[in-house]
Amino acid sequence: MKAYKLVYFPIRGRIEPVRLLLVDNDLPYEDVNCSDGWPDSWKPKLAFGQVLQLIDGDFELVQSNTMLRYLGRKHDLYGGDVKEGAHIDMINDGVEDYRLAYVKLIYQNYDAGKQEFIAGLPAKFQYLEKLLKASSGAIVKGKKTYADYNLFDLLDIHLLLAPSCLDSFPTLKAFHDEIANRPNIKKYRSTDAWKKLPVNGNGKQ
Ligand code: 0HH
């Protein structure tokens, strides 16, 4: 199979869930660093002037959640019927809401807002805990979904911000542990290159 190309800055950022999906499912990809020549050589070529971008042969996509859904449809990670697909989308949209709040904290209000943000996490995570508990600890019971990787990454970056944030959420903690320990993902996350990769573009995490 031809390798996907992932165009982005050398950070985890919004591309990490896409990378994790590809890694876990043995789908080859190569990273293309857009720092060289940013913005002049890149912005005019990108549909909304922003990365990330996925290149699949002659097909180019931007928008991180669109990419996840595209890969989900292509590689059987979108549930078994329209209702399962909608359930997966619903959780992914919830993850996006929580990611936007995190991104706002990181880039706009880190020092002044961190403690209040952390204090508000249980009120958010209780919903995700309940949703996963209702499906035996998964987004869809017994199936991998594209949203697994987005939820995993969301939990992962929040654990960096607040290491005890999942202590009261055993279902979310088990979900995070299970994905972190899948062989391909464990190997990918154990490399020096991955450990050195900044989480966000401003060095905060
Ligand atoms: N809705 C889009 C999506 O989900 C949002 C994309 C987006 O915000 O795909 N793209 C940003 C880059 S992600 C962008 O293109 C934020 C990370 C910024 C890190 C930059 C520095 C890294 C240095 C190592 N931003 C550039 C722009 O808008 O001109």
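Where a number appears in this text, it was derived from the coordinates with a stated rule and is not lab data. Small disclaimer: the values here were computed from a predicted structure and weren't measured. Cβ sites come from the backbone with ideal geometry, for glycine too, and all protein chains shown count toward neighbours.
Once the Cβ-Cβ distance of K114 and K43 is raised to the sixth power relative to R0 = 30 Å, the FRET efficiency obtained is 0.45.
Does the chain come out rounded, prolate or oblate, given a ≥ b ≥ c as the square roots of the eigenvalues of its C-alpha gyration tensor, rounded meaning a/c under 1.5 and, failing that, prolate meaning a/b above b/c? Here the chain falls in the oblate category. 3J(HN,Hα) couplings calculated from phi for segment 70-80 with the Karplus curve 6.51 cos²θ - 1.76 cosθ + 1.60 (θ = phi - 60°) are, in sequence order, 4, 5, x, 5, 6, 10, 6, 10, 10, x, x Hz; Gly and Pro show x. Only beta bridges with both residues in the chain are counted; by DSSP, about 60 percent of them are antiparallel.
3J(HN,Hα) couplings calculated from phi for segment 61-68 with the Karplus curve 6.51 cos²θ - 1.76 cosθ + 1.60 (θ = phi - 60°) are, in sequence order, 10, 10, 6, 4, 6, 5, 4, 4 Hz; Gly and Pro show x.
The peptide list 124-135, 148-159, put in order of mean Cβ contacts within 10 Å with the highest first, becomes 148-159, 124-135. Inter-label distance, N25 to S168: 3.5 nm, where each label sits 7 Å from its Cα along the C-beta direction. Calculated FRET efficiency, D177 to I55, Cβ-Cβ distance, R0 = 35 Å: about 0.60 to the nearest 0.05. For the peptides 88-97, 39-48, 22-31, the ranking by packing is 88-97, 22-31, 39-48, with the highest mean count of neighbouring Cβ atoms within 10 Å listed first.
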